[in-house]
């Protein structure tokens, strides 16, 4: 209580002190109190009067409207709203090894939109594209492709037996080869034979023999070693009869108008192995007419079978009296007695001789077809299947009779004379032979160089040495490509008439076609030409189509022409160069799609790059077929690049260097890979109002050459697959017809193909059935060399029956027939049923080296009786 009283007293004193007036305040020394404030006394203090405050103006208050505040929405990121997300696929690498999947290295990443700003992507993978690396090659063999070899069943055979071979293959898969197909184990096969110095000997002489061998390896057979003796048999010849007599039934017919003494002059064909050169020189070919031997001049015509035996002889004799249309029975006997009478003088056949057409000819179809007079194996009438007989016999005869009446020539010719000769060979009917004679003379005029060409034709003194009057003396005989294909016709007509102008026109065309091809490099450049005319038919007509026909009749004489000089050929080299060039120029490229094209089109050969990937440019196209956008023209905005020699991987979406463009996808293949007879990137122009210029049917021309090469020249193991590739491309063009066509008695066609070759296959344009029978020969060859396969939904065997259906080329309601079509169906394809009748096709083993002639046939035969 005492402490509380003290605190209260102190509080009262402090309160009283704080209320003391200023007058009672005390200042420090040197200070005075002024208005309650202590200041230094020396300081002069000026006390300003207090100002009178100005009156305050109070403004009139105006009420202010305050807006209600709004909240702005969050910004989006393009089409993605705030807080929205988007995702992507990223990869840990840009590529994976062949056989793996990019899905194994992919990662799904997301990012979030935050008020218009993207967050960073989730995940760690950085590559946005991924491709599967190309499979590794096996040396020069690409992955997925096959290495091919030829193996033999046995290591050695005797003459008369065949070195049976099979084409084996093994597949490359990512750098590793699989096992070889097939069962044959011998890499080579040796053929043995005996040859004699002379085919005949007289009594007291000895047959001199020689053992010869030929080695076959990789489907190529070498030459006989040694090869001094030529004759397969050696026979003791007596003065009366031979030990191996062959009698051939024949007829003599006078076709010449009028009557009287009749001069018979006729080529007479023989099968392989029947007549040797010694049989000609020894005079052991006899001619009997109505059972009586007559005096005849028998001389060898040029051309030999593969075994060296005589293809045909010219037989000339006179009959005292005949009237036009008279027919006499005859026999030609080979290997019997020596002709008992002196030979009459040889008379070189002239144009009048051919037109008179007084002939001695065999009549048995089995014999005629065995002679291979058309350089084909043929079946006589009635020996094919019912479908084959309807197409190749019944319809062929029907069209022949109709065309003889109308003589509808058409605008092109494809071996129509050869077609007529095949019908004569298969039937023995002289009507086909007679028309072949008149038709070949008509077309020989077109093919013959004239005497008034400017510059001079040069060849007329060889091709027309007798000065036939021509319809165009200024024409130098170089036929238009669509009217060229008649050389086999001319070659056969030479063997059937002995008329040298037929022989010379074949030699002339062979000289023209390859005078400038003197090595493999030139062949690769010129056999399949890089030009606006590069089409299968043009190349066949201009660069190689005469060569096999010339080989068959030894039409080997070098002949100069208006624009070319004569050059002696090494025929083995020329034909091998040609085959190699066709193979070298087969289609082998990829398409690379692009857009953002700018500038001008660079030349072919330009290197296109994308990172480590590079390729060689072949051409620029708007679509995956002609026409091409040529070098120097404006680069299209989009289209396809044709490229090859790709290295470093596969192209992908992205910019390209080497030209201005952007790849829109990886490079891709073409279903026409491996096609032969035409280049893929030649500067062809637009034709026939379409956007591509390669007609489908023209693939038959290189294919026929390849088949003929295999069967007549040398069975090169590459050929079956080359033909198969062309065949498969053709079969892919065929589709069911959209409308019913009335084929009359021959049936209504079901299938047809478009005229033009496109990628993708043209399934919209008009399809015609009448070309289908042309492809049957290709199909038969492939079936009997490689085997059956399935293409475009059907087996080869099924396609064969579809192709040879007469409904396809019915003359009623489908097309108007011409000699051109007659030649297309039967001039090239008459041996189709024979091929199908074989279990397998065994081609010619090793090329026969032809006789090289330096002059045309003159007034003395090359070989006659001594």
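Take the residues of the range 411-434 that are under 26 Å from residue 464 (Cβ atoms) and surrounded by fewer than 20 Cβ atoms within 10 Å (Cβ to Cβ): which is farthest from the chain's Cα centre (by Cα)?
434
Just the residues that are in a helix (DSSP H, G or I) and over 21 Å from the mean Cα position of the chain (by Cα), please, taken from the range 736-782.
744, 745, 746, listed by residue number.
Given the criteria in a loop (DSSP other than H, G, I, E, B) and either closer than 24 Å to residue 588 by Cα or assigned by TED's automatic domain parsing to the domain that holds residue 244 (or both), does residue 143 qualify?
Spelling it out, residue 143 is indeed in a loop (DSSP other than H, G, I, E, B) and either closer than 24 Å to residue 588 by Cα or assigned by TED's automatic domain parsing to the domain that holds residue 244 (or both).
Any residue that is without any contact (Cβ under 8 Å) to a residue 12 or more places away in the chain and at negative phi - is there at least one of those in the range 841-858?
Within the range 841-858, not a single residue is without any contact (Cβ under 8 Å) to a residue 12 or more places away in the chain and at negative phi.
How many of the residues making up the range 732-751 are buried (at least 23 other Cβ atoms within 10 Å of the Cβ) and either closer than 29 Å to residue 710 by Cβ or free of Cβ contacts under 8 Å to residues at least 40 places away in the same chain (or both)?
Count: 2.
Give the residues of the range 812-833 that are surrounded by fewer than 20 Cβ atoms within 10 Å (Cβ to Cβ) and either in contact with a helix residue (DSSP H, G or I) (Cβ under 6 Å, 6 or more places away or on another chain) or part of a helix (DSSP H, G or I) (or both), sorted by residue number.
Matches in the range 812-833: 812 only.
With the requirement that a residue be under 42 Å from the mean Cα position of the chain (by Cα) and surrounded by fewer than 17 Cβ atoms within 10 Å (Cβ to Cβ), what does the range 293-307 give you?
Correct list: 307 only.
Yes or no, residue by residue, for (1) farther than 28 Å from residue 668 by Cα; (2) assigned to a strand (DSSP E or B); (3) in the same structural domain as residue 180 (by TED's automatic domain parsing); (4) in contact (Cβ under 8 Å) with a residue 24 or more places away in the chain:
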position	(1), (2), (3), (4)
104	no, no, no, no
107	no, yes, no, no
112	yes, yes, no, yes
122	yes, no, no, no
125	yes, no, no, yes
151	yes, yes, yes, yes
154	yes, no, yes, yes
157	yes, yes, yes, yes
163	yes, no, yes, yes
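Applying the selection to the range 435-461, what residues are within 22 Å of residue 818 (Cβ to Cβ) and buried (at least 17 other Cβ atoms within 10 Å of the Cβ)?
435, 436, 437, 439, 440, 441, 443, 444, 447
Looking only at the range 484-499, count how many residues are in a helix (DSSP H, G or I) and in contact with a helix residue (DSSP H, G or I) (Cβ under 7 Å, 6 or more places away or on another chain).
9
Scan the range 667-677 and give yes if some residue there is assigned to a loop (DSSP other than H, G, I, E, B), more than 30 Å from residue 784 (Cβ to Cβ) and at pLDDT 95 or above, otherwise no.
yes
Tally time: how many residues in the range 73-102 are touching a residue at least 40 places away in the same chain (Cβ under 8 Å) and either part of a loop (DSSP other than H, G, I, E, B) or closer than 19 Å to residue 649 by Cβ (or both)?
Of the residues in the range 73-102, 6 are touching a residue at least 40 places away in the same chain (Cβ under 8 Å) and either part of a loop (DSSP other than H, G, I, E, B) or closer than 19 Å to residue 649 by Cβ (or both).
Could you check how many residues of the range 585-613 are in a loop (DSSP other than H, G, I, E, B) and touching a residue at least 24 places away in the same chain (Cβ under 8 Å)?
So the count comes out to 13.
Where residues in the range 192-244 are at pLDDT below 75 and not in a loop (DSSP other than H, G, I, E, B), which of them is nearest to the chain's Cα centre (by Cα)?
231
Inspect the range 694-702 for any residue being over 25 Å from residue 387 (Cα atoms) and modelled with pLDDT under 95 and give the result as yes or no.
yes
Going by the conditions given, is residue 518 at pLDDT below 95, within 30 Å of residue 140 (Cα to Cα) and either surrounded by fewer than 20 Cβ atoms within 10 Å (Cβ to Cβ) or touching a strand residue (DSSP E or B) at 6+ places or on another chain (Cβ under 9 Å) (or both)?
Here the answer is no, as residue 518 does not meet what is asked.
Kindly indicate whether any position in the range 622-636 is in a strand (DSSP E or B) and under 29 Å from residue 95 (Cβ atoms).
No, there is no match, as no residue in the range 622-636 is in a strand (DSSP E or B) and under 29 Å from residue 95 (Cβ atoms).
Would you please name the residue that is nearest to residue 487 (Cα to Cα), looking only at residues in the range 701-727 that are in contact with a helix residue (DSSP H, G or I) (Cβ under 7 Å, 6 or more places away or on another chain) and not in a helix (DSSP H, G or I)?
716
Just the residues that are in a loop (DSSP other than H, G, I, E, B) and within 16 Å of residue 434 (Cβ to Cβ), please, taken from the range 253-275.
Within the range 253-275, 254, 255, 256, 257 meet the criteria.
What are the residues in the range 637-658 that are in a loop (DSSP other than H, G, I, E, B) and farther than 25 Å from residue 96 by Cβ, if any?
Correct list: 637, 638, 658.
Can you list the helices (runs of 4 or more DSSP H) lying wholly within the range 321-410 that have 2 or more residues being at pLDDT below 95 and surrounded by fewer than 17 Cβ atoms within 10 Å (Cβ to Cβ)?
The helices (runs of 4 or more DSSP H) meeting that bar are 386-389, 396-406.
The values are calculated or read from the model by the stated rules, or taken from the named source; none is laboratory data. None of the values given here were measured: they were computed from a predicted structure. Cβ atoms come from the backbone with ideal geometry, glycine included; neighbour counts cover every protein chain shown.
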